[in-house]
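> Dumping the structure here so I can ask a few things about it.
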Amino acid sequence: MLLGLASGRGAVSSSQVDFSRDVLTILSDNCYECHGPDEKARKAKLRFDTKEGAFRVKDGKTVIVPGKSAESELVRRVTSSDPEEVMPPRKSNRKLTASQIGLLRRWVDEGAKWGVHWAFVAPARSRLPRSKFKGWARNGIDYFILARLEKEGLKPAAEARRETLIRRVTLDLTGLPPTPAEVDAFVSDRTANAYEKLVDRLLESPRFGERMAVDWLDLARYADTHGYQADRYRPMWPWRDWVIKAFNQNLPYDQFVTWQLAGDLLPQATKE
């Protein structure tokens, strides 16, 4: 996901515009407030969160004409210089960038193929790209990394020293540096699966759950006090400990999310 995929906010790529990757974010960020699923907030009875709504004829004008951006009301409105017609409206404090407008125009000209959010698309195995760097790749992901490196005119870096490798993976998985004894043990282990054993040990450490929980707790704005004006204590630590335990017990992600959003609504809900 980080190897140069274009986004609605980034530069326009030379590859074909993808609805889920490039267009959906533009529509959801800039259009859904007035033309989304909320019927009470919807303006002009126009919606862009469904294919039927986006491709309808409105006031005699076709909102999106596949293959013809010049005839599409969507493109006309987002490129308009008329403050009474331009979308998003000025009062929304939203404005599409030139890159985003370019993506919308290209998407329409390429046929305006509709799609859904990537999370609802079953993953399909891609063909491995070929590379001139023979013998470097050790798994399928490496081939895609090599393909991007070659595209950018870069070569793979040299393999990290074992002291560097254990430091990197230990910090990644536990948030803590390895001890000198752990470094010595890994450097001395010359078995074929030494790295795999190292990773397994780190995944079994209770520190793994603590490290993984950090980002989740930050996104939820976890704190032991209210902060700012009323800096009073609030007993949030049971949830913090639950998140840590969930990671350490490898709780399936669907349960991890469902229990937090609607756990009290599940049949025969437990304290967890």
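The values are calculated or read from the model by the stated rules, or taken from the named source; none is laboratory data. The structure displayed is predicted, hence computed values, not measured ones. In this analysis, Cβ positions are derived from the backbone assuming ideal geometry, glycine residues included, and neighbour counts consider all displayed protein chains.
> Out of all the residues in the stretch 214-272, which are acidic (Asp, Glu) and farther than 23 Å from Asp172 by Cα?
Asp224, Asp231, Asp254, Asp264, Glu272
> Could you please let me know if Arg125 is over 25 Å from the mean Cα position of the chain (by Cα) and not polar (S, T, N, Q)?
Answer is no for this residue.
> Moving on. Return the residues of the stretch 179-196 that are surrounded by 12 or more Cβ atoms within 10 Å (Cβ to Cβ) and either among the polar types (S, T, N, Q) or under 26 Å from Trp136 (Cβ atoms) (or both); say none if nothing qualifies.
Val183, Phe186, Val187, Asp189, Ala194, Tyr195 - these are the residues of the stretch 179-196 that are surrounded by 12 or more Cβ atoms within 10 Å (Cβ to Cβ) and either among the polar types (S, T, N, Q) or under 26 Å from Trp136 (Cβ atoms) (or both).
> In this structure, is Ala119 loosely packed, with under 10 Cβ neighbours inside 10 Å, assigned to a helix (DSSP H, G or I) and of a type in the set (A, V, I, L, M)?
So Ala119 fits the description; yes.
> Is it the case that some residue within the stretch 122-136 is part of a helix (DSSP H, G or I) and among the hydrophobic types (A, V, I, L, M, F, W, C)?
No, the stretch 122-136 contains no residue that is part of a helix (DSSP H, G or I) and among the hydrophobic types (A, V, I, L, M, F, W, C).
> Next question, about the same structure. Please list, ordered by first then second residue, the pairs with beta carbon atoms under 8 Å, 6 or more apart or interchain, first in the stretch 221-236 and over 24 Å from Glu272 (Cα atoms), second part of a loop (DSSP other than H, G, I, E, B).
Between residues of the stretch 221-236 that are over 24 Å from Glu272 (Cα atoms) and residues that are part of a loop (DSSP other than H, G, I, E, B), the close pairs are Arg232/His226.
> Sticking with this structure for a sec: Can you tell me how many residues in the stretch 37-55 are outside any loop (DSSP other than H, G, I, E, B) and without any contact (Cβ under 8 Å) to a residue 60 or more places away in the chain?
Matching residues across the stretch 37-55 total 2.
> Could I ask something else about it? Name, by its number, the condition in (1) part of a helix (DSSP H, G or I); (2) outside the structural domain of Thr50 (by TED's automatic domain parsing) that does not hold for Gln100.
(2)
> Taking Glu84 as the residue in question, decide whether it is of a type in the set (Asp, Glu) and surrounded by fewer than 15 Cβ atoms within 10 Å (Cβ to Cβ).
The answer is yes for Glu84.
> Looking only at residues that are of a type outside the set (Gly, Ala, Ser) and in a loop (DSSP other than H, G, I, E, B) in the stretch 143-166, which one is nearest to Leu202 (Cα to Cα)?
If we take residues in the stretch 143-166 being of a type outside the set (Gly, Ala, Ser) and in a loop (DSSP other than H, G, I, E, B), then Arg161 is nearest to Leu202 (Cα to Cα).
> With a cut-off of at least 1 residues that are of a type in the set (Ser, Thr, Tyr) and under 29 Å from Ala119 (Cβ atoms), name the helices (runs of 4 or more DSSP H) lying wholly within the stretch 167-272.
Hits in the stretch 167-272: 253-262.
> Looking at Ala98, Ala119, Ala157 in this structure, which one is more than 30 Å from Glu73 (Cα to Cα) and either at pLDDT below 90 or not polar (S, T, N, Q) (or both)?
So the residue among Ala98, Ala119, Ala157 that is more than 30 Å from Glu73 (Cα to Cα) and either at pLDDT below 90 or not polar (S, T, N, Q) (or both) is Ala157.
> Select from the stretch 95-116 the residues that are free of Cβ contacts under 8 Å to residues at least 60 places away in the same chain and of a type in the set (Val, Ile, Thr) and write down the one among them that is surrounded by the most Cβ atoms within 10 Å (Cβ to Cβ).
Per the stated criteria, the residue is Val108.
> Related question: From the list Asp189, Asp184, Asp224, Asp218, which residue is more than 26 Å from the chain's Cα centre (by Cα) and either of a type in the set (A, V, I, L, M) or over 30 Å from Ala160 (Cα atoms) (or both)?
Of the residues listed, the single one that is more than 26 Å from the chain's Cα centre (by Cα) and either of a type in the set (A, V, I, L, M) or over 30 Å from Ala160 (Cα atoms) (or both) is Asp224.
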